[in-house]
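Contents: one structure, followed by commentary.
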Amino acid sequence: MRLVLATRNAHKAREFELLLRGHEVAALPDDVVLPPETGATFAANAASKARAAADALGVPVIADDSGIVAEALDGRPGVLSARFAGPGATDAQNLAKLLAQAPAGSPLAYVCALVYRDPADGTEVVFEGRCTGVLDDEPRGMGGFGYDPAFRPDDIADGRTMAQLEPAEKSAISHRGRAARELAAWLAAR
């Protein structure tokens with residue numbers, strides 16, 4: 001099945017291409033305008049983007065919103081993960097702020113809300129994936145992006161961060177991987 005991915009984030013596009021093998025994941029055309037992420041939840045933001053892109057294109061679309069929630073920060077940065085250190089902040093700046101505000105070893109969770117929207121019949125389904133872990137005391141690893149260098153997933157017993165995992169290892173346990181597998185199973189059963 002051909003699915004348009006409603007994102008301008010190149011990292012996410014590469015991940016979803018790998019995660020949804022067997023489906024064609026098409027890039028969002030440049031002329032499609034996505035709404036700002038103003039929702040209070042990951043699902044609200046993803047749904048808003050999926051609706052805008054599906055309505056503009058008239059084809060099935062998937063959109064995600066994802067980020068990290070820190071128990072020590074009452075769930076922040078949450079939906080503000082990409083802007084935690086301010087508008088236009090880099091991954092390094094966002095990670096530095098998290099490391100400065102949350103203690104090492106504190107519980108974290110990556111959360112992904114993935115929305116499938118088909119404008120032909122109005123179908124809209126939300127799939128959520130979570131990956132739990134703890135905050136490392138310093139960034140380690142060169143893979144991944146965002147908060148990966150300081151996120152030690154519970155599913156990996158040897159203490160490596162998400163940024164130290166091979167792509168297949170990360171996909172097997174990541175929040176996006178889990179949400180994408182739910183979507184793929186749903187599409188297969190449809």
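Scanning region 28-52 for residues that are assigned to a helix (DSSP H, G or I), of a type in the set (A, V, I, L, M, F, W, C) and within 17 Å of ASN9 (Cα to Cα) yields PHE42, ALA46, ALA47, ALA50, ALA52. Restricting attention to region 1-27 and to residues that are touching a residue at least 24 places away in the same chain (Cβ under 8 Å) and in a loop (DSSP other than H, G, I, E, B), the residue that is nearest to the chain's Cα centre (by Cα) turns out to be THR7. Within region 143-168, if we keep just the residues that are part of a loop (DSSP other than H, G, I, E, B), of a type in the set (Gly, Ala, Ser) and more than 15 Å from the chain's Cα centre (by Cα), the residue that is nearest to LYS97 (Cα to Cα) turns out to be GLY143.
Summed over region 20-54, the residues that are touching a Lys or Arg at 6+ places or on another chain (Cβ under 6 Å) and crowded, with 20+ Cβ neighbours inside 10 Å give a count of 2.
The condition of being more than 20 Å from ALA172 (Cβ to Cβ), out of contact with any Gly (no Cβ under 8 Å at 6 or more places or on another chain), of a type in the set (Gly, Ala, Ser) and buried (at least 17 other Cβ atoms within 10 Å of the Cβ) holds for only one of ALA70, ALA82, ALA104, ALA96, that being ALA70.
Of the conditions (1) out of contact with any strand residue (DSSP E or B) (no Cβ under 9 Å at 6 or more places or on another chain); (2) part of a helix (DSSP H, G or I); (3) touching a residue at least 12 places away in the same chain (Cβ under 8 Å), ASP137 clears all except one; give me its number. Here ASP137 meets the rest and fails (2).
A short reminder: the numbers here are calculations on the coordinates, not readings from a lab. All figures in this text were calculated on a predicted structure; none of them were measured in a lab. Neighbour counts run over all protein chains shown; Cβ positions are idealised from the backbone, glycine included.
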